[in-house]
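Peer 1: Below you'll find the structure I mean.
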Amino acid sequence: MIAYIDRFVHENDVESMPELDRDEEDGGGVLPLFKGLELQGTVDFDTAAAGKDFGGLQSSEPLAMIRPASADDVARVIKLASRSPQLAVAAQGNRHSINGQAMAHRGLAIDMKSMDSRIQVDPSGSHVDVGGGALWEEVLKRCVSDHGLAPRSWTDYLDLTVGGTLSNAGVSGQAFRYGPQTENVTELEVVTGNGDVLVCSPNQNSELFFSVLGGLGQFGIITRARILLQPAPDMVRWIRLVYGEFSDFTADAEFLVSGGAGDSFDYVEGFAFVNSDDPVNGWPSARLHTGHPFDPTHMPPSAGPVLYCLELALHYNNHHRRSAVDKRVERMVGGLRYCKGMRGEAEVSYVEFLLRVKRAEEEAKANGIWDAPHAWLNLFVSKSHIAHFDAVVFKNILKHGIGGPMLLYPLLRSKWDSRKSVVLPAEGEIFYLVGLLRFSFPYHPKGLNLSVDEMVAQNEEIVEICKRKGFDFKLYLPHYGDRKEGWRQHFGNQWTRFQQRKASFDPRAILAPGLKIFSRNWQPS
Ligand code: FAD
């Protein structure tokens, strides 16, 4: 039931509410909290959806879900929480987190998607202003269809909110060139944990700007972002190259992201897959389309249980001659060490390419695996340990696959501004994104019959092995449950800075309680 906000109780009355609980349909003891707040938006006490996320591994209902109309509404909710000793506030984007990061156990959830998500392209074409709750898919469609422009850096899947990905990093195959999405915003409007609505940029309130980007929602709620644009191409040549040897795969991937032979693809990703005919984990998963040949006789006899696929894309426009695009592609892939005869190509529109995962989503929904739990694990692993990681994790623990993509592609540290809050491996220019995107299938491919609990345990085993072997790695989209020590180790030498930022912008630890980094009564340590 949606309860519109009444104005008849003075807002300071909240101080006399030591215990909050929700025992009635209309919010019970919580309802009086909102009286006098003068929100323009609404409060919803049917919070079942707000207590779940894409991971489906945890559930934790908030007391109420606020649908703000403006940044001022967000500020009012934060100020309200600050007057209570225990209330916390979680901004919720599209709730596509895996481990409850956007949850607010017995707190207040703010539904950012309901906020004004106007998408305003600057007349100069250099940037677009969008609401923090806008979906990247909406941003893409509006910018391309109305202006022929597009952001430079994406995620693979676009049903994620701008605020949600900017709070983490936002990586995909363009990040080697433009950095993650956090490197492609020039200004933010943020509501801090102090309830201040502030505009920030590298030159204005800069500490807040750098804190919030990659800040896991700990310092402020992003209500508007200014995103850099560039002309959108019409078309994409989409290429997959299969490798039998890990060393060939990484050498080529690193060569391409480091500048190649001068010319450069617009997108470089890769993944590992199983050397078998299993429809989910094996050869068929590397095919771009049904016409993409996969003849295992082309594989070198030395190929092990796992193969690798480099995924590349080159942008071009309708007025470019096909033969010129062909030549450019040949020049760039000619010297690469993939298994000749194991190359697939497709031509798709730029928008179609960026919405490629949506097609997979539709299929997964039809198969019933989209809404089942997802025990996903994402890591950044330093180049110095990626071969060892491959030997221990891909070729051994995961040699039968995971029931979904096993992403593996290099990124460049120099494209990540260390003033931002994202945490990267300690050493070296190149590190790898490893994404274990597990799905729970109703049938079990050969050798892969894990329950969701076993998948979670296997993820933990992988993280433990990385620690035991001394790999230089960090969790991406991190989660450590209640383990404060886990967070301290995660941030490493950035822990002091992270705490100082918390003390400045959210000293009462009101924001993003689902991460469990800070509790309301935290003290710097
Ligand atoms: P939510 O899950 O709702 O929130 C995530 C965190 O951000 C929470 O802590 C929340 O409190 C905080 N938050 C949300 N909105 C705001 C805001 N406006 N201001 C401040 N904090 C906020 N990531 C990549 O980098 N690349 C990918 O290619 C990629 N693909 C994905 C594909 C799928 C199918 C899924 C499920 C996830 C993928 N992700 C990817 C991960 C995704 O970027 C993160 O999980 C992201 O946080 C999800 O965005 P969301 O809008 O659903 O955020």
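The values are calculated or read from the model by the stated rules, or taken from the named source; none is laboratory data. This is a predicted model, so every value here is computed, not measured. Here the Cβ positions follow ideal geometry from the backbone for every residue, glycine too, while neighbour counts run over all protein chains shown. Ligands, DNA and RNA are excluded from the accessible area calculation, which covers all protein heavy atoms including side chains. Shrake-Rupley method; radii C 1.70, N 1.55, O 1.52, S 1.80 Å.
Peer 1: Using only alpha carbon pairs under 8 Å that are at least six residues apart, calculate the relative contact order of the range 138-255 and give it in whole percent.
Peer 2: Once divided by the residue count of the range 138-255, the mean separation gives 26 percent.
Peer 1: How many angstrom lie between the Cα centre of the range 445-485 and the Cα centre of the range 266-291?
Peer 2: Each part reduced to its Cα centre gives a spacing of 23 Å.
Peer 1: Can I ask one more? Which whole-Hz couplings ³J(HN,Hα) result when phi for each residue of the range 136-148 is put into the Karplus expression 6.51 cos²θ - 1.76 cosθ + 1.60, θ = phi - 60°, listed in order with x for Gly and Pro?
Peer 2: Along the range 136-148, the couplings run 4, 4, 5, 5, 4, 4, 5, 5, 6, 6, 8, 9, x Hz.
Peer 1: How high is the relative contact order of the chain, in percent, counting Cα pairs under 8 Å that sit 6 or more residues apart?
Peer 2: Dividing the mean separation by the residue count of the chain yields 15 percent.
Peer 1: Extending each Cα 7 Å along its Cβ direction at Arg497 and Glu485, get the distance between those two points in nm, one decimal.
Peer 2: 2.6
Peer 1: Return the sequence-ordered ³J(HN,Hα) values of the range 490-507 in whole Hz as given by the Karplus equation 6.51 cos²θ - 1.76 cosθ + 1.60 applied to θ = phi - 60°, using x for Gly and Pro.
Peer 2: With the stated coefficients, the range 490-507 comes to 4, 6, x, 6, 9, 4, 4, 4, 4, 5, 4, 5, 4, 4, 7, 9, 8, x Hz.
Peer 1: Let me ask something else about it. Among all lysine pairs in the range 316-442 that are eight or more places apart or on different chains, how many have alpha carbons less than 27 angstrom apart?
Peer 2: Close lysine pairs found across the range 316-442: 9.
Peer 1: Can you give the calculated 222 nm mean residue ellipticity of the chain, where each DSSP H run of n ≥ 4 adds -39,500 (n - 2.57) and the sum is split over every residue, rounded to the nearest 500 deg cm²/dmol?
Peer 2: Computed ellipticity for the chain at 222 nm equals -7000 deg cm²/dmol.
Peer 1: Starting at the first residue of the range 296-307, write each ³J(HN,Hα) from the Karplus equation 6.51 cos²θ - 1.76 cosθ + 1.60 with θ = phi - 60°, in whole Hz, x for Gly and Pro.
Peer 2: Once θ is set to phi - 60°, the couplings for the range 296-307 become x, 5, 7, 6, x, x, 7, 4, x, x, 10, 10 Hz.
Peer 1: Something else about it: How long is the chain along each principal axis, judged by its Cα atoms, biggest number first, in Å?
Peer 2: Rounded to whole Å, the extents work out to 76, 52, 44 Å.
Peer 1: Still on this structure: Angle between the Cα long axis of helix 452-468 and the longest principal axis of the chain, 0 to 90 degrees, nearest 10?
Peer 2: Between helix and principal axis, roughly 80 degrees.
Peer 1: Enter the accessible area per residue of the range 299-365 (Å², integer; probe 1.4 Å; all protein chains in place).
Peer 2: Per-residue accessible area for the range 299-365 comes out at 49 Å².
Peer 1: How much of the accessible area of the chain, in percent, comes from carbon and sulfur atoms when a 1.4 Å probe is used?
Peer 2: 49
Peer 1: Expressed in nm to one decimal, what extension gain is obtained for the pair Asp234 and Ser247 from 0.36 nm per residue of sequence separation less their Cα-Cα distance?
Peer 2: Gain in length upon complete extension: 1.2 nm.
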